[in-house]
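The values are calculated or read from the model by the stated rules, or taken from the named source; none is laboratory data. Fair warning: this is a prediction, and the values are worked out from it, not measured in the lab. Cβ atoms come from the backbone with ideal geometry, glycine included; neighbour counts cover every protein chain shown. Just so you know, the surface numbers come from the protein's heavy atoms only, side chains and all, with ligands and any DNA or RNA stripped out. Shrake-Rupley method; radii C 1.70, N 1.55, O 1.52, S 1.80 Å.
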Amino acid sequence: MLNFKKILVTGGAGFIGSHVVRRFVLNYKQYHIYNLDTLTYAGNLENLKDVEKCSNYTFVKGDINDIEFVNELFMKFNFDGVIHLAAESHVDRSIANPLTFVKTNVIGTMNLLNAANDLWKKDYTNKRFYHISTDEVYGSLGEKGLFTELSPFAPNSPYSASKASSNHFVRAYGETYGLPYVITNCSNNYGPNHFPEKLIPLFINNIMNNKSLPVYGDGNYTRDWLYVEDHAKAIDLVFHKGKNHETYNVGGFNEWRNIELVKVLCKLMDKKLKRPSGSSEALITFVKDRPGHDLRYAIDATKINEELGWKPEVTFEEGLEKTVNWYLENQEWLNNVVCGDYLNYYKKQYQ
Ligand code: NAD
Ligand code: DAU
């Protein structure tokens, strides 16, 4: 198991990043965790209120696209580990503004790779660059089959193309310069602190507000859902015990067609809100499909299971209930993010 002193987590104020930061700050008191985040619409320091005063945690506001800032940061703090999550992460936004995705997801990743490599190249011992990638780089599956680590890349959206590109650059830095890296490609996460532009939190928020539930196309698209804390556990394990220059797929063994998932969510929301059965389902509206919409994602997570002993621990039933409870108990968090820019985005996307 590798040991670290100073770990840079990028994008730690976002959905997955905040769960990773909390896990590392609380479980590894011997490490100092630096959370670098520029706080886009998706970054929210409220996500980390409970750990912000911990002595082994520092928040740094900054942009991974700013090359000078990134270089200075690496020189100043001398990180020995990087867990890179910062990204533009929403497919629909990438269709509207692809260049933003190239900047952050490709150039931003390049800036981090260069800074890490410059700092570490004299001695790569006990150093690690961990890139958090996605199953979307593999493109779309048909009705059958699973993505393995050997599946070819075939990204279909500007988001997944930008993530495929950064994924390739990380690998190339390993092959060309010897940079010690690990990569994971994970399926759809869900859980607390998820920004309400993504399917599950968007629909929870809309049901709470009696707004329509915009299901794209015929709703027969399939995703493999993983509770966010199970992903954070996988990240912890791969960071400490994964083999250099290896990729691990991470998934929930939990495939759902969108329309079936939405119906389960509607039933749960009716129960939680004590509304007559069928009230939430009546909000379902089939809307224009997402361009380039991938039919199905499903992960074969055998490698991480057999080599590192990881498997998802939270069942979908438990995870969905925990998620819904969190949104019902954190309406202030929701109200704070669904204002201003969000309303403009919503209008443009769903008008
Ligand atoms: P998110 O959008 O919730 O959070 C992204 C974070 O990155 C935000 O805090 C944002 O402020 C920060 N950020 C964006 N641009 C930045 C910049 N230029 N400089 C510094 N910080 C910046 O995303 P998420 O859903 O938590 O995803 C995190 C990572 O995991 C991403 O790399 C994403 O591609 C990957 N991933 C996500 C999922 C998923 O289901 N959400 C699944 C697999 C992989
Ligand atoms: O697979 C991993 C990826 O999962 C991550 O890399 C991305 O960062 C993350 O956003 C997520 O991408 P998806 O596009 O799968 O997630 P999203 O929640 O946007 O959509 C899930 C499914 O629901 C997809 O088939 C599109 C559909 N959908 C989504 C929205 C927002 C709808 O039908 N209506 C909607 O309004």
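Restricted to the stretch 254-301, and to residues that are surrounded by 13 or more Cβ atoms within 10 Å (Cβ to Cβ) and β-branched (Val, Ile, Thr), which residue is nearest to the chain's Cα centre (by Cα)? Among those residues, the one meeting the criterion is Ile299. When restricted to residues that are assigned to a loop (DSSP other than H, G, I, E, B) and away from ligand 1 (no atom under 16 Å from the Cβ), the stretch 195-219 contains 7.
Yes or no: Glu307 more than 16 Å from ligand 2 (Cβ to nearest atom) and loosely packed, with under 12 Cβ neighbours inside 10 Å? No; evaluated as a whole, the condition is false for this residue.
Tell me, which helices (runs of 4 or more DSSP H) lie completely within the stretch 68-180 with 2 or more residues that are open to solvent by less than 10 Å² (accessible area, probe 1.4 Å), under 29 Å from Asp300 (Cβ atoms) and within 12 Å of ligand 1 (Cβ to nearest atom)?
Details: elements: 91-96, 98-101, 109-120, 158-177.
Where helices (runs of 4 or more DSSP H) fall fully within the stretch 68-180 and carry at least 2 residues being open to solvent by less than 10 Å² (accessible area, probe 1.4 Å), under 29 Å from Asp300 (Cβ atoms) and within 12 Å of ligand 1 (Cβ to nearest atom), they are 109-120, 158-177.
When you scan the stretch 186-197, do you find a residue that is in contact (Cβ under 8 Å) with a residue 12 or more places away in the chain and more than 23 Å from the chain's Cα centre (by Cα), even just one? The answer is no; no qualifying residue exists. Residue pairs whose Cβ atoms lie under 7 Å apart, separated by 6 or more positions or on different chains, with the first residue in the stretch 269-285 and closer than 22 Å to Glu329 by Cα and the second of a type in the set (Ser, Thr, Tyr) and surrounded by 14 or more Cβ atoms within 10 Å (Cβ to Cβ), are Met269/Ser280; Asp270/Ser279; Asp270/Ser280.
Within the stretch 188-213, take every residue that is open to solvent by 10 Å² or more (accessible area, probe 1.4 Å) and in contact with a strand residue (DSSP E or B) (Cβ under 7 Å, 6 or more places away or on another chain) and give me the one that is farthest from ligand 2 (Cβ to nearest atom). Top of the filtered list is Ser212. For the stretch 1-40, the set of residues classified as in a loop (DSSP other than H, G, I, E, B) and either open to solvent by 60 Å² or more (accessible area, probe 1.4 Å) or away from ligand 1 (no atom under 15 Å from the Cβ) (or both) consists of Met1, Leu2, Asn3, Phe4, Lys5, Tyr28, Lys29, Gln30, Tyr31, listed by residue number.
Summed over the stretch 56-104, the residues that are touching a strand residue (DSSP E or B) at 6+ places or on another chain (Cβ under 7 Å) and within 25 Å of Pro291 (Cα to Cα) give a count of 1. Confirm whether Pro312 is in a loop (DSSP other than H, G, I, E, B) and open to solvent by 60 Å² or more (accessible area, probe 1.4 Å). Taking the combined requirement at face value, the residue does not satisfy it.
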